[in-house]
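Comments concern the structure below.
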């Protein structure tokens, strides 16, 4: 996994470097900034050196979580990302928990009552959920919010946030999150639902389920104790992907609904070639990917004794 | 050709009616894209400066007194509030709707100069889905926009599947060190957040390019992102295919590696590839729409379903003139159709996919 993070950051370094011009090309057009100043700035940021030297220096610093300075904001990248990161994580983590809490039970219900009216309704919903683009859904909800005035658009907290008691603070945050959150939740529920439903159906068709029913176990126990636990592995892998996507998965929705998260920051950073800001965000994204996969592997081992035993014997898959 | 197609359609209908309907719907849209100049009542860049944000003008068969008219008509609209862009229906003016009406000149298929449009009015204005901020007919722009959204998926899938198939089957066929090198590369590519990778690749090219070039750049970017996932699956399939006797036979008979891969290995993955291709078309449509929406894709005045939506980014415009969202509905419908078609094809070919 570590080589992948290094490879990924190197490729993105190359991409940004290969793009015509750099952040200072814009400054050169400004007649009030002299050539010497720009040269000085470039030297300050180390941009006058060899490409590989530049990357290596960045990597060594990044390993110590020193991500450099943003050109545009004149602030350390880590501080800049920090505040936005919290907003994004607040949104994506809430959506993550909500969608898993809703999708897994619904998917099981749909799988168990396959072909019934309830299943058809759930399947239809998930078809629409995966097909309607999330930016369009965002516009629809913004239209609803603007027309009814029920939900705020943009901003994270109300003006009087600091004077609210703690429970009202949570509610206030949720209220401001409503539009982007519901867009994200609907999108991810739909995809999850399909997966949960089809895996449960596959498991229910297997012989051990028939055995369990034949020996007289209540159907509820068969589904929850046997089929569901066996169906869990692919979802646990998916949790890993979801954790990796916590940073970037909501970018477009954030941009559209004016949520002050990583989305707009990255968009502007990439477009203005704010090198260290982009690299820093990708680096943290890569670390999230590693953590996500680690958590997924641990969860799978926790759930599946077969894999656990292989680990004990030292034979990793 | 036609007979074979109708046979296929019938079989598909028996397996999954919704997939057959989706296929017909999509073919209809390709037809629309092909004849866009003729079907659209106005060219995409004609601005009716006196009608900004005009609401949709519905086609009526009954007038305001309840009388039936055999020939449908539209009412005239008057701008009563130029600041808020509010319109009032002018019941005194009726404009009948004609088929094959003469209007703005255009080039059918790019070289036949004509001024005949499928339908339109004489004197009045026919805005089926209203107009945008410059008074351009949204329905006409939607019709022209099908060209972008429907072709980008096909071309993108073609490019990325050519790469994905070849790389995936080479990795699976040779195995060993070739396999591990390719797989590590793919893992690096897949580790990128797709949206940011798209932005970064787009920033390698200038924003203001000729629209044809922009289109090509977007297709190439989306294909470069899209092939990795496919080649992973293909590799897995090829790993088991190459163990078959017919592969060994082809080698023993003197076929080169490339020949065996192209003629014997890849054809065995085709039914999976067709389904995966259908299901991945929406990704390209969404990618183009997202790029155009944030202003990095197809540039004005050329219409694409994505850049038409960018007007909705202003909340005031969105709440006062919700018909600017119509292209979002179009995107959703097309994606639903592709998803239904893909699911139906899976039933038709009876292939088990890992999703």
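The values are calculated or read from the model by the stated rules, or taken from the named source; none is laboratory data. Model, not experiment: these values are computed from the prediction. Positions of Cβ are backbone-derived with ideal geometry, glycine not excepted, and every protein chain shown enters the neighbour counts.
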2 or more residues closer than 21 Å to residue B:146 by Cβ and not assigned by TED's automatic domain parsing to the domain that holds residue B:279: qualifying helices (runs of 4 or more DSSP H) within the stretch B:1-62: B:17-34, B:36-39
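Is it true that some residue in the stretch B:184-206 is in a helix (DSSP H, G or I) and more than 30 Å from residue A:244 (Cβ to Cβ)?
no
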Those residues of the stretch B:302-336 which are modelled with pLDDT of 85 or more and outside any helix (DSSP H, G or I), in sequence order: B:302, B:303, B:304, B:321
Near pairs, Cβ below 6 angstrom, 6+ apart or cross-chain, from the stretch A:154-165 (within 29 Å of residue B:314 (Cα to Cα)) to any residue that is part of a loop (DSSP other than H, G, I, E, B) and modelled with pLDDT of 75 or more: A:154/A:258
Residue B:185 vs. criteria within 12 Å of chain A (Cβ to nearest Cβ) and either more than 27 Å from the chain's Cα centre (by Cα) or under 30 Å from residue B:84 (Cβ atoms) (or both): yes
The lone exception for residue B:199 - which of (1) without any contact (Cβ under 8 Å) to a residue 40 or more places away in the chain; (2) crowded, with 21+ Cβ neighbours inside 10 Å; (3) more than 25 Å from residue B:278 (Cβ to Cβ) it fails: (1)
Members of the stretch B:315-341 that are at the interface with chain A (Cβ under 7 Å from one of its Cβ atoms) and free of Cβ contacts under 8 Å to residues at least 24 places away in the same chain: B:315, B:318, B:319, B:322, B:325, B:328, B:332
Matching residues, the stretch B:232-248, being surrounded by 12 or more Cβ atoms within 10 Å (Cβ to Cβ) and out of contact with any helix residue (DSSP H, G or I) (no Cβ under 9 Å at 6 or more places or on another chain): B:248
So residue B:229, is it in contact with a helix residue (DSSP H, G or I) (Cβ under 9 Å, 6 or more places away or on another chain), in a helix (DSSP H, G or I) and modelled with pLDDT of 85 or more: no
Residues located in the stretch B:13-37, provided they are surrounded by fewer than 18 Cβ atoms within 10 Å (Cβ to Cβ) and within 17 Å of residue B:103 (Cβ to Cβ): B:35
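Conditions tested, residue by residue: (1) within 13 Å of another protein chain (Cβ to nearest Cβ); (2) modelled with pLDDT of 90 or more; (3) part of a helix (DSSP H, G or I).
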{"site": "A:102", "(1), (2), (3)": "no, yes, yes"}
{"site": "A:108", "(1), (2), (3)": "no, no, yes"}
{"site": "A:114", "(1), (2), (3)": "no, no, no"}
{"site": "A:123", "(1), (2), (3)": "yes, no, yes"}
{"site": "A:127", "(1), (2), (3)": "yes, no, yes"}
{"site": "A:136", "(1), (2), (3)": "yes, yes, yes"}
{"site": "A:142", "(1), (2), (3)": "yes, no, yes"}
{"site": "A:145", "(1), (2), (3)": "yes, no, yes"}
{"site": "A:154", "(1), (2), (3)": "yes, no, no"}
Meets criteria (at pLDDT 85 or above and closer than 21 Å to residue B:233 by Cα) for residue B:339: yes
Single residue of the stretch A:1-24 satisfying the filter (more than 7 Å from chain B (Cβ to nearest Cβ) and closer than 18 Å to residue A:53 by Cβ) that is surrounded by the fewest Cβ atoms within 10 Å (Cβ to Cβ): A:14
